[in-house]
1. What net charge do the residues around LEU119 carry, taking every other residue with its C-beta under 10 Å from that of LEU119, with Lys and Arg at +1 and Asp and Glu at -1?
2. Under a point spin-label approximation (7 Å from Cα along Cα-to-Cβ), what is the GLU19-ASP117 distance to one decimal in nm?
3. Given labels modelled 7 Å from the Cα in the Cβ direction, how far is it in nm from GLU199 to LYS217?
4. Please work out the Cα center distance from region 80-118 to region 176-236, rounded to the nearest Å.
5. Wrap a convex hull around the Cα atoms of the chain, take a quarter of its surface area, and give that in square nanometres.
6. Applying a 10 Å radius around every beta-carbon, put 93-104, 133-144 in order of their mean neighbour count, most first.
7. Pull up the cross-link candidates among the aspartates and glutamates for LYS264, meaning alpha carbon to alpha carbon under 14 Å and not fewer than 8 places away within one chain.
8. Loop only by DSSP, 13 or fewer other Cβ within 10 Å of the Cβ. Give me the GluC sites (Glu not before Pro) in region 120-195 that pass, ordered by residue number.
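Here, each number is a calculation from the coordinates, and none is a lab measurement. Note that the structure is a prediction, hence the values are computed from the model and not measured. Using ideal geometry, Cβ is built from the backbone for each residue, glycine included, and neighbour counts are taken over all protein chains shown.
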Amino acid sequence: MKAAYLISYGQPDSLQYGEMPEPVLQENSLLVEVKAVSVNPVDWKVRKGVLKFIQGSKFPRIIGADFAGIVKESAPGKPGFKAGDRVYGAIPAFNTKPGALAEVAIADQKDVRLMPDWLSFEEAASLPIAALTATNGLRRCGVTKDMTVLVNGATGGVGHFGVQAAKAQGAHVTATCSEENTALASELGADLVFQYSGENMIPEGTQFDAILDAWGKMERKKIPQLLKPGGVYASPLLIPWTKIQALIARIRYGRKFTSSNMRKRPEDYNELETMMEQKKLKPVIENVFPLSQSSEAFNKAEYGKPRGKVIIKI
Ligand SMILES: NC(=O)c1ccc[n+]([C@@H]2O[C@H](COP(=O)([O-])OP(=O)(O)OC[C@H]3O[C@@H](n4cnc5c(N)ncnc54)[C@H](OP(=O)(O)O)[C@@H]3O)[C@@H](O)[C@H]2O)c1
């Protein structure tokens, strides 16, 4: 089968296109004819070797997490998929198993979900990691109707879902993005849009009930000033050592720092699908590459300031 696979850790050109053996069905798994894959930062971090201490240096290795496709073969198990089912999901990127950038991928049944028939493969593949991270961030912040929410990095993968999902909750949304993406942030539903650097930044003294830092690297000491007392900040990059900063924020400023890691329970996918069906959430897909140009897709995702999601079609 054709696949995109790493021949070493490194830059996008370490991702090659060519023949690889098809995976073999295992217990509780599915073989999926992959139709679309979306690129997430975790994929290019894997490509760079950030997880080398877990994944070792055995190559060639097919990578890629978010996918959508058609079941080719299913091992018996729950919930019981069958050949021909349209499915989507995310293959965990933190292990050594082959990923989704191939004509056929193997996925654990627990990581796969049936696709509603009104969803396209490209749309479905764009959702799991970024959208489930955004909705979990809003959940961790306790976002409800009429709350004021800042989404930082509002037009990237996580952020563009975050703006739409917060609006769907009835929140008042302020977005920060680069100047060229101001119009897109408004189209996504943001009530106010500022730049994350330059002239038009958030006016001093502005405070929010919640901050979804989709970019994840907001300067920690600025956060308490941007939050109302009791406000919550969520980041997808809140790694364990920052717990100490969270403690300081709580004790000294009465603000909460929390993590917005992806959560993928069935009810979380239900929430996404409901918002999409009600036309409250739509992926932005401006860059679609064929499998043979996966390296270019990774280049765009990492260095090309993509808006929304970068998709690889198979
Ligand atoms: N823990 C988890 O489960 C999880 C899940 C998903 C993502 N993540 C992490 O979350 C981060 C974002 O993921 P993503 O998919 O949204 O990435 P992305 O698609 O690359 O988007 C990043 C966004 O950050 C914006 N940005 C760049 N510099 C900024 C700055 N100085 N201030 C504010 N925003 C800035 C970019 O805007 P411009 O392009 O306009 O400059 C872009 O919109 C990544 O580090 C990723 O690894 C973690």
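1. With Lys, Arg at +1 and Asp, Glu at -1, the neighbours total -4.
2. About 3.9 nm separates the two model spin labels.
3. Taking the simple label geometry, GLU199 and LYS217 are separated by 2.6 nm.
4. Computed from Cα coordinates, the inter-centre distance equals 34 Å.
5. 15.7
6. 133-144, 93-104
7. ASP66, ASP108, ASP111, GLU273
8. none
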